[in-house]
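Report on the following structure.
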Amino acid sequence: MLAHASKALYKNRRFLTKGMKLLSKRKKKKYNKKYNILIALAGIVILVYILYAIISLIKSPTDVFIIEYGNVSLEESAIGYLIREESVIKGNNYQNGIVQIKTEGEKVSKGDSVFRYYNNSEEEITSQIQEIDNKINEALGKQTDISSADIRSLDKQIEEKIETLSSSSDTGKIREYKNDINTSLTKKSKIIGKKSASGSYINQLYEERSMYEAKLAQTTEYVTAPTSGIVSYRVDGHESVLTPASFENITKELLEDLNLKTGQIIATNDQQGKVINNFECYIATVMMTDAALNAEVGQKVKIRLSNKDEVEATISYKSDIINGEEVILVLKITSKVEDLISYRKISFDIIWWSDTGLKVPNSAIIYDEENNPYIIKSRSGYLDKILVKKLKETKSYTIVDNYKTEELKNMGYSIEEIRKMKNVALYDEIVSKPQKQMLQ
């Protein structure tokens, strides 16, 4: 009986021990699960923080900005229509086509021949003159006994002109050299004609040539410049519309109805030409920005052409505001006029103002209760509040400077307050995005 009870007790003890181990194992497993969950949650929190830090760094890579000496400007792009003083010239025989005497862009004086029209019999007369020239040259080639200082001088001049002619690409110069060569040849012919045995024959040829030249001149219509300026054969028919005689007649509808393409080169006309005032021209533009609406006649600005050249300009005319949001401005320029004679409609940038100085981002400027602008200077971990004077401002940057003592006095600051103020200087490190509490 006792042995049986002892055996039962041993079995119960084993069962109890096994139960305790199983319970302990379950508790440990449950604890590990909670621990793993906590670790996972901590990892997620750390990952979210890292992502936030990276995004913040991208949006604001630094809290410090180093002040540098830089430039800020207020400028905008615009489309403009060129207005010039243009005198269109045209003769009676325009249907014959023209022969250019002055080239595109060449300067002329009043009364200079600009071009002439083809003559109906020009080809025939020119051929006859060429035939006579060949006979004169052949006769001259046979004269071996004529030698004089005048002939040697003319020969030298002819050789020099021919050499220069072969290396020149200027059409105006080429025409000039050819005329000089023909003149020298004519002089040589006259000298040889007087001294040679066959002089009467050469003189006869020369007189015949002069007769044909006179006939050609009589039947040819020359067109001269009515005023001084530069020549252009790019006549587009808008010369009498886009004229500086009356800016008041220029409207937005008039400009749009011209149906011009921006930057398109005006085609060359083979029936007429024009003389342009090369000292000044105008650019009419329609704008709707605050700077344009507040612009004043006489105001100085700059314009940047498509080739990146910048030229001074003056506002010569400002229309009434159109529909409460637009205005027509006419800008006058006195340089680079020749560069624009091939165009009627261009794109350009208008630079309203430009200034250079200590350049800071607008995000670095905060204002006190009295709306005075400040920046926060960072130096070795210390922050200094610095009052600054804003000179010029764009959407992104501002040129700042220090106030003078008299200016600070007029603003109401005491001598003691002024003495404690610190100045802004080149290469100062400032907080790029300060908080308003930093002013406290």
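The values are calculated or read from the model by the stated rules, or taken from the named source; none is laboratory data. Bear in mind that the values here come from a model prediction, so they are computed numbers and not experimental data. Please note: Cβ atoms are built from the backbone with ideal geometry, for glycine as well, and neighbour counts cover all protein chains shown.
Looking at region 281-288, can you tell me whether even one residue there is assigned to a loop (DSSP other than H, G, I, E, B) and either without any contact (Cβ under 8 Å) to a residue 60 or more places away in the chain or not aliphatic (A, V, I, L, M) (or both)? Yes.
Look at region 221-249: where a residue is on the phi > 0 side of the Ramachandran plot and a partner is buried (at least 16 other Cβ atoms within 10 Å of the Cβ), sitting 6+ places away or on another chain with Cβ atoms under 9 Å, you get G229/E85; G229/E86; G229/V108; G229/K274; G229/V275; G229/I276; G229/N277; G229/N278.
When the residues of region 85-136 are filtered to those that are part of a loop (DSSP other than H, G, I, E, B), surrounded by 14 or more Cβ atoms within 10 Å (Cβ to Cβ) and small (G, A, S), the one that is farthest from the chain's Cα centre (by Cα) is G91.
Against the conditions (1) out of contact with any strand residue (DSSP E or B) (no Cβ under 6 Å at 6 or more places or on another chain); (2) part of a helix (DSSP H, G or I); (3) modelled with pLDDT of 70 or more; (4) within 30 Å of Y343 (Cβ to Cβ), H238 satisfies every one except (2). In region 339-362, is there at least one residue being free of Cβ contacts under 8 Å to residues at least 40 places away in the same chain, over 30 Å from N402 (Cβ atoms) and surrounded by fewer than 16 Cβ atoms within 10 Å (Cβ to Cβ)? Yes, the conditions are met somewhere in region 339-362.
Condition first: among the small types (G, A, S) and not in a strand (DSSP E or B). Can you find one or more residues in region 304-312 that meet it? Checking region 304-312: at least one residue is among the small types (G, A, S) and not in a strand (DSSP E or B). Entry remark, region 342-384: residues being touching an Asp or Glu at 6+ places or on another chain (Cβ under 8 Å), β-branched (V, I, T) and under 30 Å from E86 (Cα atoms) number 2 in total.
Count of region 241-265 residues, restricted to those that are more than 15 Å from D320 (Cα to Cα) and part of a helix (DSSP H, G or I), is 4.
For beta carbons closer than 6 Å, sequence separation of 6+ or different chains, a first residue in region 313-333 that is acidic (D, E) and part of a strand (DSSP E or B) and a second that is surrounded by 18 or more Cβ atoms within 10 Å (Cβ to Cβ) and at pLDDT 95 or above, the qualifying pairs are E326/V286.
So in region 397-428, with the set limited to residues that are hydrophobic (A, V, I, L, M, F, W, C) and not in a helix (DSSP H, G or I), which one is farthest from Y69 (Cα to Cα)? Checked region 397-428; the qualifying residue farthest from Y69 (Cα to Cα) is M411.
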